[in-house]
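Asker: Pasting a structure below so you can have a look.
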Amino acid sequence: MTAYVTADAFGDRRFAGRLVRVGRMVGKKNIRTDEAKERTDAKILEVLIELADSRTLPPGLRVNAFMMAPEAAERSGAATARGEGTTAAN
């Protein structure tokens, strides 16, 4: 599945990648943002996105992840799912 991540530090730049693994269990959210409206009781499903070129992103950087259904990626690049996470070293 096509995916990309964004980071506040890089403005509107998108880092393309692909979804390579989806967790098997929904768990507690363990990443917090500074947004006052954030729900702290949200459940998350962990995913792994392999970025095409991640050399620019330092490990530990907070990112927003977007996964796209195949038909959405072909048509307009519209995201169908969104999440938050951090980058990790290879």
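The values are calculated or read from the model by the stated rules, or taken from the named source; none is laboratory data. Being a predicted model, the structure only gives us computed values, none of them experimental. Please note: Cβ atoms are built from the backbone with ideal geometry, for glycine as well, and neighbour counts cover all protein chains shown.
Asker: Please tell me if A65 is small (G, A, S), at pLDDT 75 or above and surrounded by 11 or more Cβ atoms within 10 Å (Cβ to Cβ).
Answerer: yes
Asker: From (1) modelled with pLDDT of 80 or more; (2) more than 13 Å from the chain's Cα centre (by Cα); (3) surrounded by fewer than 13 Cβ atoms within 10 Å (Cβ to Cβ), pick out the condition that doesn't hold for T33.
Answerer: If we test T33 against (1) modelled with pLDDT of 80 or more; (2) more than 13 Å from the chain's Cα centre (by Cα); (3) surrounded by fewer than 13 Cβ atoms within 10 Å (Cβ to Cβ), just (1) comes out false.
Asker: Identify, please: which residue in region 15-29 is surrounded by 13 or more Cβ atoms within 10 Å (Cβ to Cβ) and among the charged types (D, E, K, R) and is, among those, farthest from G60 (Cα to Cα)?
Answerer: R18
Asker: Give region 56-71 a look and list any residue that's outside any strand (DSSP E or B) and either within 17 Å of R13 (Cβ to Cβ) or hydroxyl-bearing (S, T, Y) (or both), or say none.
Answerer: From region 56-71, those outside any strand (DSSP E or B) are 56-61, 69-71; that's our starting set.
Within region 56-71, T56, L57, P58, L61 qualify.
Asker: Now for a separate question. Can you tell me which condition A89 does not meet? The list is (1) modelled with pLDDT of 85 or more; (2) of a type in the set (A, V, I, L, M); (3) in contact with a Pro (Cβ under 6 Å, 6 or more places away or on another chain), and all the others hold.
Answerer: The number of the failed condition is (1).
Asker: Within the set of pairs 6 or more residues apart or between chains, which connect a residue that is basic (K, R) inside region 47-69 to a residue that is surrounded by 15 or more Cβ atoms within 10 Å (Cβ to Cβ) and not in a strand (DSSP E or B) with Cβ atoms less than 8 Å apart?
Answerer: Taking only residues 6 or more apart or on different chains, the pairs are R62/A7.
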